[in-house]
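Student: Have a look at this one.
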Amino acid sequence: MNALAVEGVWKFYGDYPALRDIRLEAPAGACLALIGRNGAGKTTLLRTVAGFSRPGRGKVLIFGKEPRETEARRQIGFIGHGISVYDELSALENLTLFGRLYGLPDPRARALEWLERTGLERVRDGLVREFSRGMRQRLAVARAFLHEPSVLLLDEPFTALVDRAIAVLQTLLRQALAAGKTVIMSTHQLREALELSSHVALLVRGKVAYHGPCTPEMVADPGLVYATYGEG
Amino acid sequence: MAQTITTIKPKEPATQADHRRYSFFRMALVVMLKDLRAELRTKEAINGSFGFAVVILLLFSFAFDPDVDTNKALSGGLLWLVFAFAGTLILNRSFARELPNDCLDALIAAPVSGAALFLGKALANYVLLLAVELVSLPVFGIFYNVHWTHQLSALLLVLALGTWALTVIGTVFSALTVNIKLREVMLPMLTYPILAPALMAAMQLTMPLIAGNAIAPEMMRWLKLLIGFDVMYTAISLFLVETVLVG
């Protein structure tokens, strides 16, 4: 069974079709890089896959289940443009909160474990509003990985990250892939993304222009996909 | 020294349906406690709401002579206008609190039903609204020279029912308007017309109670209306909120 199956998905903003008949698949353990220029529909597609909005037509399946089903949501970890943690709560309170929402057996212990893995254990009781940007980003990464999701959805994960957060995220992504998790990421950082990816999908104006394996030629020349399948 | 380690195991839910129900209310509780904790750290909504309530009560007291009996009788109705206006400030923050850092995405992504999320937020709003109302009541008593404690239990019942009506409608429209730029304007415009029957009932019931009279048998229809409104809109909101949040 595919970890992700996108079957003929259309998404409209008013009359404008932001996604047009998208068909994608990602087997379990794959790393799929969604690439495309600004406005191509990468974020809309990821948000639809994450279940934040329903497709106008077609369907999305995560391990055979629709994204709004509780079982599917347990398997999804999402990092979007925002850090998705509360400024008014401490790092430990934030992670414990999400641990409870995901029904983890011992949310506090899991929160402490992830604070340690992301190097935030010394500031665990500090309010997030007092954190530096890098610390906030690492907490966001911990929040997304906390419930050990089978499918990680990352919307431009390396953009605006500080170096330490990039290193933490890259390490965690490699570990996740080695453990058989599936990663779907939209990105403009082609080199970093293609080095991790097993599959590539190029979106052009809401349509899939290329979907297939990530070849060594693509890794060697990240602009190759755009040059071959894009609009120049 | 030998130590005895005692592990407290949570009670096993009897059936899957029991488990779902248990999980639903537990999730609502988690969301409620999160909202209350966040609000108590910043006090943004509660301070604004209480300050606003006191200012309106003060300004209205200039317009009405507290020594005239008719005005005293009307002051119960006035009280609900103040609660509705001041309450909007709390309700506006309910989902708007989730916007910085895109926290709403994380909540929607979590395996929590929209209904549990809504119930948790509504309960947090309810606690905050009741707190503002209970602190405003003595201020109201002083400004309007009324002894509002004569029918205290009945007054608290009406307060509880009327506030739940305000909370349910306000919370669901707070979710609906969260991504609208003019949500501060839109929320009261959407909330008050739908809330009108409940506000009317709460006002009708509060006026005699403030004057020290018990709820007369002919007033029971207002009480039934208020209870019916609460039950109906709670059910509708719980049913619709998933669509409101995800579309």
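The values are calculated or read from the model by the stated rules, or taken from the named source; none is laboratory data. Bear in mind the structure is a predicted one, so any value in this text is a computation, not a measurement. Note: ideal-geometry Cβ built from the backbone for every residue, glycine included; neighbour counts use all protein chains shown. All accessible areas refer to the heavy atoms of the entire protein, side chains included, with ligands and DNA or RNA removed. Shrake-Rupley method; radii C 1.70, N 1.55, O 1.52, S 1.80 Å.
Student: Output the number of residues of the stretch B:98-110 satisfying the condition of being buried (at least 20 other Cβ atoms within 10 Å of the Cβ) and either in contact (Cβ under 8 Å) with a residue 60 or more places away in the chain or not in a helix (DSSP H, G or I) (or both).
Tutor: Counting residues in the stretch B:98-110 that are buried (at least 20 other Cβ atoms within 10 Å of the Cβ) and either in contact (Cβ under 8 Å) with a residue 60 or more places away in the chain or not in a helix (DSSP H, G or I) (or both) gives 5.
Student: Here are some residues: B:MET203, B:MET186, B:MET207. Which one is open to solvent by 50 Å² or more (accessible area, probe 1.4 Å) and assigned to a helix (DSSP H, G or I)?
Tutor: Sole residue among the options that is open to solvent by 50 Å² or more (accessible area, probe 1.4 Å) and assigned to a helix (DSSP H, G or I): B:MET186.
Student: Next question, about the same structure. Across the stretch A:40-58, what is the number of residues that are of a type in the set (Gly, Ala, Ser), surrounded by 19 or more Cβ atoms within 10 Å (Cβ to Cβ) and within 12 Å of chain B (Cβ to nearest Cβ)?
Tutor: Going through the stretch A:40-58 one residue at a time, the tally reaches 2.
Student: Would you mind finding the one in B:LEU78, B:LEU91, B:LEU57 that is away from chain A (no Cβ under 14 Å), within 15 Å of the chain's Cα centre (by Cα) and crowded, with 18+ Cβ neighbours inside 10 Å? I'd like the intermediate steps shown before the answer.
Tutor: Working: B:LEU78 fails: within 15 Å of the chain's Cα centre (by Cα); B:LEU57 fails: within 15 Å of the chain's Cα centre (by Cα).
Testing whether each residue is away from chain A (no Cβ under 14 Å), within 15 Å of the chain's Cα centre (by Cα) and crowded, with 18+ Cβ neighbours inside 10 Å leaves just B:LEU91.
Student: Go through the stretch A:2-48 residue by residue and tally those that are more than 16 Å from the chain's Cα centre (by Cα) and on the phi < 0 side of the Ramachandran plot.
Tutor: Residues in the stretch A:2-48 being more than 16 Å from the chain's Cα centre (by Cα) and on the phi < 0 side of the Ramachandran plot: 18 in total.
Student: What pairs can you find where one residue is in the stretch B:165-179 and of a type in the set (Ser, Thr, Tyr) and modelled with pLDDT of 95 or more, the other is in a helix (DSSP H, G or I) and surrounded by fewer than 24 Cβ atoms within 10 Å (Cβ to Cβ), and their Cβ atoms are less than 7 Å apart, with a gap of 6+ or different chains?
Tutor: B:THR167/B:TYR126
Student: Same structure again: Kindly indicate whether any position in the stretch A:59-76 is open to solvent by 50 Å² or more (accessible area, probe 1.4 Å), away from chain B (no Cβ under 13 Å) and among the hydroxyl-bearing types (Ser, Thr, Tyr).
Tutor: No, every residue in the stretch A:59-76 fails to be open to solvent by 50 Å² or more (accessible area, probe 1.4 Å), away from chain B (no Cβ under 13 Å) and among the hydroxyl-bearing types (Ser, Thr, Tyr).
Student: Right, here's the next one. Of everything in the stretch A:87-97 that's touching a helix residue (DSSP H, G or I) at 6+ places or on another chain (Cβ under 6 Å) and at the interface with chain B (Cβ under 7 Å from one of its Cβ atoms), which residue is least open to solvent (accessible area, probe 1.4 Å)?
Tutor: A:LEU97
Student: When you check B:VAL146 against the structure, is it at pLDDT 95 or above and either more than 30 Å from A:SER53 (Cβ to Cβ) or surrounded by fewer than 16 Cβ atoms within 10 Å (Cβ to Cβ) (or both), yes or no? Break it down into steps so the answer makes sense when it comes.
Tutor: Working: at pLDDT 95 or above: no; either more than 30 Å from A:SER53 (Cβ to Cβ) or surrounded by fewer than 16 Cβ atoms within 10 Å (Cβ to Cβ) (or both): yes.
Taking the combined requirement at face value, the residue does not satisfy it.
Student: Could you identify the single residue in A:LEU89, A:LEU112 that is over 15 Å from the mean Cα position of the chain (by Cα) and closer than 22 Å to B:ALA116 by Cβ?
Tutor: Sole residue among the options that is over 15 Å from the mean Cα position of the chain (by Cα) and closer than 22 Å to B:ALA116 by Cβ: A:LEU89.
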